[in-house]
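No value in this document is a laboratory result; all are computed from the given coordinates. Note that the coordinates shown come from a computational prediction; the quantities given were computed from them, not determined experimentally. Positions of Cβ are backbone-derived with ideal geometry, glycine not excepted, and every protein chain shown enters the neighbour counts.
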Amino acid sequence: MIDINPELNNKIVKKPKNNLYATGKRKNSIARVWLTPNGKGEIKINKKNLNEYFARSFLKMLIKKPFETVNNNNFNANVSVKGGGLSGQASAIKLAISKALVNYDPKFRVALKKKNLLTRDSRVVERKKYGRKKARKSFQFSKR
């Protein structure tokens, strides 16, 4: 399939055929995931291996959770993620991988939904209000 993108000065961009694409968001992070079936279970994040990008084992476990839930680790994941911190990025990647797995096989939806892997966490930072130090914290009060 050939797609002409006007942003690339009308250059022709070829999209890979049997790749599965999905996006996920969390806080200020946006993750785009391309899954390739019949892979070895490799996960590349911004052209780095999973172990290079995330040092904390909890975040690695969070990203692998959708694959463990459906008992299928035969996918290679190529991830592009930007914005936010590491925790938000890991949650955005988890959501995107879950969505891509459902695109691949709708039977996976029941298992993923049961573990709340298809639910977007909509909590974001509350905005700062005027007359206050932060969103809810006030300046120090002095009676006299």
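State which stretch of the chain is the longest one without any exposed chymotrypsin sites (Phe, Trp or Tyr not before Pro), exposure meaning a DSSP loop state and at most 11 other Cβ atoms within 10 Å.
1-129
Select one label from (1) 72, 43, 29; (2) 59, 27, 23; (3) 112, 44, 30: the one whose number is Cα extents along the principal axes in Å as derived from the coordinates shown.
(1)
Please report the relative contact order for the chain, taking Cα pairs under 8 Å with a sequence separation of at least 6, and give it as a percent rounded to a whole number.
26
So, in nm, how far is label Phe58 from label Tyr21 when the simple model puts each one 7 Å beyond its Cα toward the Cβ?
Using points 7 Å along Cα→Cβ, the separation is 3.4 nm.
Please list, by residue number, every one of the GluC sites (Glu not before Pro) in the range 37-116 that is coil in DSSP and has at most 13 other beta-carbon atoms within 10 Å.
Glu42
Calculate, for Asn46 and Ala111, the FRET efficiency according to 1/(1 + (r/R0)^6) with r their C-beta to C-beta distance and R0 25 Å; round to the nearest 0.05.
0.30
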